[in-house]
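The values are calculated or read from the model by the stated rules, or taken from the named source; none is laboratory data. All values reported here derive from a predicted model rather than from experimental measurement. We place every Cβ from the backbone using ideal geometry, glycine too, and count neighbours over all the protein chains shown. Heavy atoms of the whole protein, side chains included, go into the accessibility calculation; ligands, DNA and RNA do not. Shrake-Rupley method; radii C 1.70, N 1.55, O 1.52, S 1.80 Å.
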Amino acid sequence: MERFEFNYPAAKPLAGRAEAGVVGSGDLEALYEPDTASALKIIVTTSVDGSHTLWQNFFNRLNALRELPAGRLDINDFGATPGVARLRIEQVFEEAENAN
C-alpha cells in the first residue's frame, strides 16, 4: 500500500460531505469533505505500488479541466482504471454539491 498527498488551489467549497464508490477489486472509493481553505487537499491510498506519477498526472489534468472545490478529497484505490477514478471523483463532487 502506498499513500500520497497532493494540494491544489481551489474555489469555494461544495455544500456538504459525500462518498462515492466502494473499495473492492478494481474499484475506488472517493470521500469529500468541504473546508473554507482555498485549497483542495487530496490523499490517495492505493494498492498499486509505484503509481505516484500516474496519480500526480491524473490530478494535474483534472485541475486543468475543471475548477476544484476547497476541502479534502480522500481516495481509497484498489487498482481502478483512470476512467473509473474520474467517474468516482466527478460523482463525489456532484453529490457534495447537491448535499443539504
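Listing for the model above:
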quantity: Å² per residue, accessible surface of region 40-91 at 1.4 Å; calculated: 49
quantity: Cα gyration tensor shape for region 1-40, rounded if a/c is under 1.5, else prolate or oblate; calculated: oblate
quantity: DSSP bridge pairs, the chain: antiparallel proportion in percent, nearest 5; calculated: 65
quantity: Among Arg72, Arg88, Arg61: highest mean-square fluctuation, GNM of the chain, C-alpha pairs under 10 Å; calculated: Arg61
quantity: Residue with peak Gaussian network fluctuation, the chain [Cα springs, cutoff 10 Å], from Asp77, Asp27, Asp49; calculated: Asp49
quantity: Label-point separation, Glu2 to Asn57 (7 Å along Cα→Cβ), nm; calculated: 1.3
quantity: Calculated [θ] (222 nm, deg cm²/dmol) that DSSP helices of n ≥ 4 give over the chain, each run adding -39,500 (n - 2.57); calculated: -10000 deg cm²/dmol
quantity: Relative contact order for the chain, counting Cα pairs under 8 Å that sit 6 or more residues apart, in percent; calculated: 43
quantity: Accessible carbon and sulfur surface of the chain relative to its total accessible area, %, 1.4 Å; calculated: 49
quantity: Gaussian network model of the chain, Cα within-10 Å springs - most flexible of Glu29, Glu19, Glu67; calculated: Glu67
quantity: Contour minus Cα-Cα distance for Arg66 and Ala15 (0.36 nm per residue); calculated: 16.6 nm
